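These notes concern the structure reproduced below.
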Amino acid sequence: MKPLSKHLLTLLLCLTTAAAFSQTSSVKPKLFANLPENIAVETNTLEKVFYVPVGLNISLAFGGGLVFNGKVSSNEIKYKNLRTVTVISSELNNSILAVSMITNSDNTITYVGRIINPGASDGYEIKKSVTGDYRLQKFQTDKILQDCSYN
């Protein structure tokens, strides 16, 4: 029975080692490392996105050194109170800017959105402050986006 225990122990050790080495950790680079954590955004910059037809290029200067140049890939009215535009920037490694305009029941407009890149560990989220000002708030994508890749 002793030789069998040694073989089982060796097999268990091999399986544990194999499982440990199969766990690969891919560290994603920070795409916006040199930019501020918070960037003030003018409302007219967000409004501008909704007037550009699909297929045309747009340049958005958000402030803080962030300029998002890209091509509008979609501009859709999803519901009577929701319109969403998606812009893809080849200059920022195919980062995606998705902005939605929500018409509230009192006819006020609220903007929400994100700048993300699946290959980066950071991104920006459009947030509205209590005073009504909009800001881009940096966030860590690995805390929000699920990694669905198989290696």
The answer for the net charge of residues other than Met101 whose Cβ lies under 10 angstrom from its Cβ, with Lys and Arg +1 and Asp and Glu -1, is 0
Please compute the contact order of region 38-143 in relative form: average sequence separation of alpha-carbon pairs under 8 Å and at least six residues apart, divided by the residue count, as a percent.
21 percent
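Values quoted throughout were computed directly from the atomic coordinates according to the rules given, and no laboratory measurement underlies them. Just so you know, these numbers come straight off a predicted model, no measurement behind them. Glycine gets a Cβ as well: all are built from the backbone with ideal geometry, and neighbour counts include every protein chain shown.
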